[in-house]
Amino acid sequence: MSLAYYPGCTLKTKAKNLEEPAIASMEVLGFKLEEITRWNCCGAVHSLADDDLIHQVAPVRNLIRTTEQGKNKLVTLCSFCFNTLKRANLLMKADTEKRNTINSFMDDEIDYSGEVKVIHLLEVLRDEIGWEALAQKVKLPLRDLKVAPYYGCMLLRPREVAMDSVENPGILRKLVETVGATSVDFPESTRCCGSYQIISDPGVISAYAWNILSSALSYGAEALVLTCPLCAYDLGQGQEELVKKRAEFKGMPIFYFTQLLALALGLDHQVCHFELNYGNPESLLREKNLLP
Amino acid sequence: MSVKAKKRKGPTTTKVKEERKVPEVKLIPVYIMGKRYEVPEGLTLMKAMEYAGYRFIRGCGCRGGTCGACGTVYRKPGDYKLQVALACQKTVEPDMYVTQIPFFPANRAQYEFAELTSAPEEVFKLYPELFRCVACNACTKACPQGIQVMDAISALKQGNIAEASRISFECIQCGLCTSRCFGELAQYHMFQLARRIYGARILPRAEHLAEMVKAINEGKYDDILNELKRVKKDELEKLYREREEEPVTAGEDWKPRDTTYL
Amino acid sequence: MSVTISSKRRGTEFVKKVKELSGENLHLCYQCGMCSGVCPAASNMDLSPRQVIELARLGMQNEIVKSKTVWICASCLACTVNCPRGFDLSRLMEAIRLLTLRRNVDHVKPEQIPPEERDDIPQIAMVSGLRKFTG
């Protein structure tokens, strides 16, 4: 089965380790992630001002591409893209006045009124494949691996785009358990990593990161699993410094959920591009006999 | 366009003396920088402006649609849409409101090309404002070359230098995209960087060319060239006339009669 | 922190503009402080999220504009989903940022981000950051 797929810019460069294992895994599961053509950057963040419609144009254009290509469902992998596309879609569906303004501004495109359903790959796994069916396909259960699900912000907030319970999400926990690893819940799993503050105040990001990493550590996690390339960066890039500064910290590998999935499905680990990860995941995986 | 019309200098010469018997030329109204002129129909915008009395020392280059110096914007009455053209290519139409934008200030990064790699980050480092694009598509609408400018910017954001280079290949650097950009990007400079990186670092080297240069340096053709040098003029002309040419329709497998040097 | 409130200092135009841009009813807030409690960045802020709402509805433009708070907010929406009154503070923060950005005053200049960081930072950080910090 073919699914229209929106990658997002970062997945084509720094986060190939999120995209490639996703495409390979879905193929094993009988789905072809088909990249829509002529997509543009979604804008990453939803504009929150009432009169600022120009920043809605970028995500809407991608939704138009999707309908143009005969699809009414769009799968995303990156949390930011998921959030921004879904919020823009809701706006086009619900707000007639803004919809008309945006449509008439985009006089080079067909009119759009929210026909596309924007979903995240995690939802495909949960709702279309199902955890039990997925479990059947697991060839290499990730035994002994203690992974803390980190949701960040964009999968769960605001409420109208949340893919799971805002207060007590479980979708990543289910995935971790399905692939045979141990899920470690920790209270900071939905706490913001600092997001785009990295371009304004990089110093503050390492404090946020330590908050999250140390909390996961104290609950017994050996690694984090997440969906967002910006979370991966904010939580990963400062780890070398943290290791130097804090004797008790030896670094914490950060996985994309698609990497754990691909590994468990028995795919060649090359497809996971672990060399792009922060926190040296390969040595942890070798320790657990999950990598040759 | 009539030759007579071409020779006229400025609007005052429209009062043509009867004895010169200039053929009837239909004049049409056009507004250049907001001022009304009447110019002969059929002229290009550039000729029309010259007819109206403008002299171009800038904003005019090749007059052949390839140099990008005469970027022009105009509007037609009752149409909200801004149109773009190259003044040397577009024929004047009645009631056009026209102005040239021969230059538009644009951030142009300084770099030492020898130090650049093929990594997408080279563009991110030199032009971080790339990420201010909002996908409004004003750039594409402003391109007189019909380039999908926004798609090329998208490709750069996605780190696809080769694709940006391919899409922007026909860019003539007129800068009209930049003049219309909401995010204040200098698309045309970014594309030039992309094409440079593509040409020097991504496009595979032409190996057959290197082989040929090597063969020449090693003297493979010395004998035949020296032989030609000794030939008298008449003989040389005869050789030239009788040379074997590759037919225009020749396929990949075409070979000359004499295959000594293949 | 003490702020002198008087009818003279009250920027009614500011209150109007902020309401317009955010589309939020500032009077929904009953100052419970939930937003400040759940904000992961509150400890770095000079005005707490709760104080921003209070000062905004009083029209205390100067206090708000000179504060760093709206620039420290990362639009994580923790306040949004936790407000017992359904007030979306993230939209107020955005409105206040825009009042500055729309005067052509940028909070971040892309060319001043060190080149080695531009090399390393993923595209989404640049896109989102420049959307929030430049006009």
### Task
Relative to the longest principal axis of the C-alpha atoms of chain B, give the angle of the C-alpha long axis of helix B:187-197, reported between 0 and 90° and rounded to the nearest 10°.
0
### Query
Other chains' Cβ within 10 Å of C:109-121 residues: what's the mean?
6
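Treating only the Cβ of Lys, Arg, Asp and Glu as charged (+1, +1, -1, -1), what charge dipole size does the range A:231-292 show about its Cα centre? Round to the nearest 20 debye.
Here the size comes out at about 200 debye.
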### Query
Does anyone have the angle between helix C:12-22 and the longest principal axis of chain C? Alpha-carbon axes, 0 to 90°, nearest 10?
50
### Message
Starting from the 7 Å offset along Cα-to-Cβ, what nm value, one decimal, do you get for the label separation of residue B:242 and residue A:160?
### Response
8.6
## Note on the structure
Expressed as a whole-number percentage, the relative contact order of the range A:35-145 with C-alpha contacts under 8 angstrom and at least six residues apart is 27
#### Entry: Euclidean distance of C-alpha centroids, the range A:111-152 and the range A:190-211, integer Å
27
#### Entry: For residue A:35, residues with placed amide H under 5 Å, excluding near neighbours
A:5
### Query
Can you give the mean number of other chain Cβ atoms that lie within 10 Å of the Cβ atoms in peptide A:35-42?
5
### Query
Taking a ≥ b ≥ c as the square roots of the eigenvalues of the Cα gyration tensor of the protein assembly as shown, is the shape rounded (a/c under 1.5), prolate (a/b larger than b/c) or oblate?
oblate
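Let me know the shape class of the range A:1-141, please: from the alpha-carbon gyration tensor, a ≥ b ≥ c as square roots of the eigenvalues, rounded when a/c is under 1.5, otherwise prolate if a/b is greater than b/c, or oblate. Spell out each step's value before the answer.
Working: a/c = 2.24, a/b = 2.04, b/c = 1.10.
Prolate, because a/c is 1.5 or more and a/b exceeds b/c.
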### Summary
If each part is reduced to its alpha-carbon centroid, the range B:29-107 and the range B:112-162 end up apart, in Å, by 28
#### Entry: In the range B:218-252, the GluC sites (Glu not before Pro) that fall in loop regions by DSSP, at most 14 other Cβ within 10 Å
B:218, B:242, B:244, B:245, B:252
### Fewest-first ranking of B:253, A:50, using other Cβ atoms within 10 Å as the exposure measure
B:253, A:50
### Query
Near residue C:16, which aspartates and glutamates are there with a Cα under 19 Å away, not counting those fewer than 8 places off in the same chain?
A:50, A:51, A:52, C:24, C:54, C:63, C:88, C:94
### Task
Please figure out what share of the DSSP beta bridges in the protein assembly as shown is antiparallel and state it in percent, rounded to the nearest 5.
40
### Query
What pairs in A:14/C:109; A:73/B:141; A:71/A:174; A:98/C:109; A:14/B:157; A:14/A:139 have C-alpha atoms more than 20 Å from each other?
A:14/C:109; A:73/B:141; A:71/A:174; A:98/C:109; A:14/A:139
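Using the count of nearby Cβ atoms within 10 Å as a rough guide to exposure, how do A:199, B:101 rank from fewest to most?
The fewest-first ordering by Cβ neighbours comes to B:101, A:199.
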### Task
With a cut-off of at most 11 other beta carbons within 10 Å, and DSSP calling the residue loop, which trypsin sites (Lys or Arg not before Pro) in the range B:214-252 qualify? Please list them.
B:232, B:243
### Query
By how many degrees, between 0 and 90 and to the nearest 10, does the Cα long axis of helix A:16-28 differ from the longest principal axis of chain A?
80
### Query
Which one of C:61, C:123, C:51 has the biggest mean-square fluctuation once chain C is modelled by GNM with Cα springs under 10 Å?
C:123
## Note on the structure
If A:125, C:26, A:33 are placed from fewest to most neighbouring beta carbons inside 10 Å, the sequence is C:26, A:33, A:125
### Neighbouring partner chain Cβ atoms per residue of A:103-114, average, 10 Å criterion
1
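Apply 1/(1 + (r/R0)^6) to the Cβ-Cβ distance of residue C:30 and residue B:91, taking R0 = 60 Å, and write down the FRET efficiency to the nearest 0.05.
Between residue C:30 and residue B:91 the formula returns 0.30.
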### Query
What is the magnitude of the charge dipole of the protein assembly as shown about its Cα centre, with +1 placed on the Cβ of each Lys and Arg, -1 on the Cβ of each Asp and Glu, and no other charges, expressed in debye to the nearest 20?
2860
### Task
Mind checking which of A:42, A:7, A:23 is farthest towards the positive end of the range A:1-73's charge dipole, using Cβ charges of +1 (Lys, Arg) and -1 (Asp, Glu) about the Cα centre?
A:23
### Task
Please work out the C-alpha center-to-center distance from the range B:224-262 to the range A:217-292 and express it in whole Å.
66
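Quick note: the coordinates plus some simple rules give every number you see, no bench work behind them. Everything quoted here is computed from the prediction, not taken from an experiment. Because the Cβ atoms are built from the backbone with ideal geometry, glycine has one as well, and the counts that use them run over all protein chains shown.
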